[in-house]
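Below: the structure, in structure tokens.
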Amino acid sequence: MRHGHLLIDFHIHLAKYDRLLDSPREWFLSCYPSEKHYLDICEAYANPDTFCKLLKEQGVDYGVILAENTPDVTGIASNQSVADFCKGHPQLIPFCTFDPRREKNMDRLLEQLASMGFCGVKLYPTYNFFYPNDPILYPLYEAAQELNMPIMFHTGTSVFRGSRLKYGNPLFLDDVAMDFPLLRIIMCHGGRGPWYEEAISMVRLHQYMFIDISGLPPKKLPQYFGDMDRLSDKFVFGTDWPSVDIGKNADAVASLPLSHKGIQNILGENALSLLSLEK
Ligand SMILES: [Zn+2]
């Protein structure tokens, strides 16, 4: 709890990747006062006990930890690395990933990953170069819907070299939501850049679509997403840690001109029900 609010960060990356390309490395370096500072953070928080201590200090109740397998753009934080990191730490919620152009039988793999404790999936269309409504993904969506596992999609722009924006338009998720009406879909960054309107249209149209507000300046949110208070059951808090401070970000969201209920929904209540967790 932070200042009386349940707090769930729905978008956390591992501090230490199995392999990190130069472009994201340079970006993360730019988020810290010095290279040494950044490297110390990576080293320290590669230990899940130390990371959980940080979450506790910041008042974070749960954190979703994302695997990433995008060797052409950012690098690799494998499903196994995320599973190992989260093991024995119930406040860490592991999400697995797939590279749809390289991996086969994603539906069967997902069943195995679910039995290993994974609670959801994160896909990176702009880094793995596929359209979210590509039929090769449909068996995976079917399995995720069956297993009641939410799927997150990166949408919108990215600072990393080599990312291809066209795959990040939230409109491609319209087909997915129509064809898998019970699948819970989370649009990371809400179509950041060119497509805030598209993202908000999607959450208005589809009962089980949501926006994760990571990677967006909190004070700009009401400008990007009109009617945020009325639609507050459609947003989840996330930070894209390690690029930002979780507590400061949460406080900035809490100070937005929204109702108390709206703030509570966004900071934790919506995520709690999406992840079927208990307080
Ligand atoms: Zn991210």
Quiz prompt | Residue exposure sequence - Val159, Val60, Val203, Val236 - by fewest surrounding Cβ within 10 Å | solution = Val159, Val203, Val60, Val236
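Could you tell me the ratio Rg/Rh of segment 112-228? Both radii from Cα atoms, Rh via Kirkwood. Spell out each step's value before the answer.
Numbers: Rg = 13.9 Å, Rh = 14.4 Å.
Across segment 112-228, the Cα-based Rg/Rh ratio is 0.96.
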Quiz item: With each pseudo-label sitting 7 Å past Cα toward Cβ, what's the Glu111-Asn148 distance in nm, one decimal?
Solution: 1.8
Practice problem: Report P(r) for segment 1-85: all Cα-Cα distances, bin width 10 Å, range 0 to the bin holding the largest distance, values in whole percent. | Solution: 16, 45, 33, 6, 0
Practice problem: Could you name the lysines whose alpha carbon sits less than 19 Å from that of Lys219, not counting residues in the same chain fewer than 8 places away? | Solution: Lys234, Lys248, Lys261
Quiz prompt | For segment 8-274, the Rg and Dmax computed from alpha carbons only, in angstrom | solution = 17.1, 48
Exercise. Please list, or write none, the lysines whose alpha carbon is within less than 22 Å of the alpha carbon of Lys166, excluding same-chain residues fewer than 8 places away.
Key: Lys122
Exercise. Quick one: what are the phi-derived ³J(HN,Hα) couplings along segment 224-231, Karplus 6.51/-1.76/1.60 with θ = phi - 60°, whole Hz, x for glycine and proline?
Key: 5, 10, x, 6, 4, 5, 5, 9
Quiz item: About its Cα centre, how strong a charge dipole does segment 64-181 have in debye, to the nearest 20, once Lys and Arg get +1 and Asp and Glu get -1 at the Cβ?
Solution: 420
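Values in this text are rule-based calculations from the coordinates and carry no lab data. Everything numeric in this text was worked out from a predicted model, so none of it was measured. All Cβ positions, glycine included, derive from the backbone under ideal geometry; neighbour counts span all protein chains shown.
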